[in-house]
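Following: one structure in C-alpha cells, then a few remarks.
The values are calculated or read from the model by the stated rules, or taken from the named source; none is laboratory data. Given the structure is predicted, the values throughout are model-derived calculations rather than measurements. Note: ideal-geometry Cβ built from the backbone for every residue, glycine included; neighbour counts use all protein chains shown. Ligands, DNA and RNA are stripped out before the accessible areas are found, and what is left, the full protein with its side chains, is counted by its heavy atoms. Shrake-Rupley method; radii C 1.70, N 1.55, O 1.52, S 1.80 Å.
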Amino acid sequence: MTRKLWLTTTLVVVALLAVFAGGAAAKSATHGAVGGTLNIDLPNDVDYTDPALDYLSTGWEIEYATCLKLMNYPDANGAKGSQLVPEAAVGFPKVSNSGKTYDFNVKAGFTKFSNGRPVTAANFKAAFDRNADPKMQSPAVPFFSDIVGSSKSPVSGVKVKGSHLVITLTKPSPDFLARVAMPFFCAIPTNLPHDPNGVLAPAAAGPYYIASRVPNKSITVKKNPFYKGKRPHNVNQINYNVGNSLSATYLRTQQGATDYAAGGIPPASYAEAAQKYGVNKSQFWVKPQIGISYLAFNHDRGPFKGAKGIALAKAINYAIDRKAMLAQGGYLAGKRTDQILPPGLAGFRDASLYPLKGPDLVTAKKWAAKAGVKQGQSLEYYTSNTGSAPLVAQILQFNLKQLGITVNSHLFARAVQIEKEGTRGEPFDITSEAWIADYADPYDFINVLLSGDNLHDSNNNNVAYFNNPKFNAQMRSASLLSGSKRYSAYGNLDVSMMKDNPPWAARSNFNDRVLVSKRVGCFTFNPIYSVDLAAVSLK
C-alpha cells in the first residue's frame, strides 16, 4: 500500500507509461453517468483515513477522491495522468529566492469543506503544522524536512499572506512540487485535532468526503455537496466492505455483489480472470507500477549489525528463490529484481548482483559462514496473512533452512503489520514489504526508505532501520543534485548499497491487476493512485 517541476522526472514517467498507454485503453471518464453506489471489497482495513497518517495505497485511492491539493494529477489514463496541474492554486507557484521560495495563490471558491466551511491558504498551512507536530509521528516528515523550521509546529517556513501560501526551503529542490501534491499536504480544517491515532472521518474539500468509518468493518464515502470543481464526481456514494476473503471477493465481483476487488483476488485466479475477461478490455486491467517488493533486514537487531550482519544480508540475498516467490503472486504478477530502484525510473542502471533464476546456495553458505551462522539459529519474520504472503513465507523458511537458519513467521493483517514494523524496537529481524512510488523520483526509494535521518519512534518507512553514516551523507548529497548528475548519483547508491551493505533482499517489481464488475462503465487508471474512484461511473 501502491501503494508520484520536476520536468525531467515527468519525462521519465511519460516514457514508462507509454509502454502500456499504447495498448487497449480503458474508457477514461472525466464525467460519466451520474448516480448510484459503488461497492468495494477490502480483505483488510486501511491503516488510517487521516491524511497526516494514511500511507497505504488503498488509503491513497480514497484520498485522491477526497483531497483538495495545491497541485494535483488529472483524472486521466496514461502519461497525462502523471503530469502535475494546479488545483486549489491559481496556476503554478511563483518561484524566487534562487529557487527556494514558492508562492502559491490559493483561490478555491469552486468548493468548500464537506462541513460547509470555506477553503483558504490557512487550511494548507494547517496541514504542514499538523504533520510537523511530533505528537502526530506523521510519515510525511521526510517529505518536507527541507522547509525552513520544519522540525517545529507551527512550521516557520510556511506562511499565509492573504490568499497566498508562501513556502521557503533551505535549499532548491527539483522535486518539491511533486512532494507537495501528496495527500499529506491537502487542505484540512484548521481545527482538526492533533490526534496521533488519527481522525476517522475528517471533513474534506475534494469531490468526495469520508462520511463514516467503522475500523475493520466499513468505510462510507459520499459526494461532497459543496464541490463544484472540474474533477469528476459521478457516483453518489462509495461503500467499502472490509473483511471478505480474496476468494469471496472474486466470486462477489463476478456476480456483481461488489464492483471492485480492491485487495485483489486469489493469486491462482488471475490467469482465469485474464482468460475470461481479456486483459485491458472491460473488467480485468493490468498496469505496470513504479514499485518494488522486498525483504527488509532490521539493522537495529543483533543478527544484522556490524560486519557479520552484512555477511548475513548477503547470504540471504544469494539464498532466496526470487522466481518461486514471484510465482506465488500468480499470472502477470511482475518481474524479478535484485535492486532498489525499479526499471524505468530515472537513475536505474541494471547490475547483476544476486541470482534471479534461483538460489546460489554455494555462495550463500560461504557468506553464512562469514556471518557466523550456527545450525538452528532463528530469525523472526513479519508478513501479511493474505494473498501470496503466507506462501512466500514458506519459501523463505525453506530457503534459509538450507543455511541452518530457522525462520519463525508471524502473520498479521496488513495494517497491523505496517504499524508493528514501523515501530522502532519491535522484535522482528525481517519483514516483507512493497513500495509504490509516491512520485517518480529516486529520492522516494533511496532517501525515504533507507536514510537514517528519517528514523523516529513510530510510523517509520525505513523499516530496515538502516542508518549508515556514509550512505546517509551520500543520500543527502544526491538529493541536492538535479538532472543527469542526480540520477547518476542515485544509480550508484542503488548498486553500491545492494552490493556492499544490502539493507534488503529485493524481490520483484510488480503490476497492478484490477478486477471490476460488469456494472462499471467508465474506468480510469491513474498512474499515481491506481483506480480513480472519482471518475468511476456505473452502467
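Annotations
- Selection from the stretch 157-209 of residues that are under 22 Å from Pro225 (Cα atoms) and surrounded by fewer than 16 Cβ atoms within 10 Å (Cβ to Cβ): Thr190, Asn191, Leu200
- Single match in Leu400, Leu356, Leu391 (criterion: over 21 Å from Asn509 (Cβ atoms) and at pLDDT 95 or above): Leu400
- Leu345 vs. criteria over 18 Å from Asp500 (Cβ atoms) and modelled with pLDDT under 95: yes
- Consider the stretch 399-419 and keep the residues that are more than 29 Å from the chain's Cα centre (by Cα) and exposed (fewer than 15 other Cβ atoms within 10 Å of the Cβ). The one that is nearest to Asn44 (Cα to Cα) is Thr406.
- Subset of the stretch 482-508 [open to solvent by 20 Å² or more (accessible area, probe 1.4 Å) and under 19 Å from the mean Cα position of the chain (by Cα)]: Arg507
- Verdict on Ser477 being surrounded by fewer than 22 Cβ atoms within 10 Å (Cβ to Cβ) and in contact with a Ser or Thr (Cβ under 9 Å, 6 or more places away or on another chain): no
- Meets criteria (touching a Ser or Thr at 6+ places or on another chain (Cβ under 6 Å) and over 27 Å from Leu455 (Cβ atoms)) for Thr120: no
- Verdict on Gly376 being modelled with pLDDT under 95 and either open to solvent by 50 Å² or more (accessible area, probe 1.4 Å) or touching a strand residue (DSSP E or B) at 6+ places or on another chain (Cβ under 9 Å) (or both): yes
- The stretch 174-194 residues that are in a loop (DSSP other than H, G, I, E, B), paired with ones that are open to solvent by 20 Å² or more (accessible area, probe 1.4 Å) and not aliphatic (A, V, I, L, M) (beta carbon under 7 Å, 6 or more apart): Pro174/Ser482; Asp175/Tyr443; Pro189/Arg117; His194/Asp133; His194/Lys135
- Matching residues, the stretch 495-516, being within 18 Å of Lys287 (Cβ to Cβ) and not aromatic (Phe, Trp, Tyr): Ser508, Asn509, Asn511, Asp512, Arg513, Val514, Leu515, Val516
- Whether a residue is out of contact with any Phe, Trp or Tyr (no Cβ under 7 Å at 6 or more places or on another chain), part of a strand (DSSP E or B) and not polar (S, T, N, Q) was assessed, and Tyr240 passes this test.
- Screening the candidates Lys357, Lys365 for the property of being more than 11 Å from Ala315 (Cα to Cα), out of contact with any Asp or Glu (no Cβ under 8 Å at 6 or more places or on another chain) and open to solvent by 50 Å² or more (accessible area, probe 1.4 Å) yields one hit, Lys357.
- Inside the stretch 521-539, residues that are open to solvent by 10 Å² or more (accessible area, probe 1.4 Å), of a type in the set (A, V, I, L, M) and within 13 Å of Val235 (Cβ to Cβ) make up a count of 1.
- Positions within the stretch 103-128 being open to solvent by 20 Å² or more (accessible area, probe 1.4 Å) and either within 18 Å of Phe176 (Cα to Cα) or acidic (Asp, Glu) (or both), in sequence order: Asp103, Asn105, Lys125
- Extreme residue, surrounded by the most Cβ atoms within 10 Å (Cβ to Cβ), among residues of the stretch 210-234 that are in contact with a Lys or Arg (Cβ under 6 Å, 6 or more places away or on another chain) and assigned to a strand (DSSP E or B): Ile219
- Lone unmet requirement of (1) part of a strand (DSSP E or B); (2) out of contact with any Pro (no Cβ under 9 Å at 6 or more places or on another chain); (3) over 30 Å from Tyr250 (Cβ atoms) for Pro74: (1)
- Filter result for Ile418 (within 29 Å of Tyr490 (Cβ to Cβ), part of a helix (DSSP H, G or I), touching an Asp or Glu at 6+ places or on another chain (Cβ under 6 Å) and not small (Gly, Ala, Ser)): yes
- Restricting Asn105, Asn115, Asn97, Asn77 to those that are modelled with pLDDT of 95 or more, among the polar types (S, T, N, Q) and touching a Phe, Trp or Tyr at 6+ places or on another chain (Cβ under 9 Å) reduces the list to Asn115.
- Listing of strands (runs of 3 or more DSSP E) fully contained in the stretch 259-345 that carry 3 or more residues being open to solvent by 30 Å² or more (accessible area, probe 1.4 Å): 334-336
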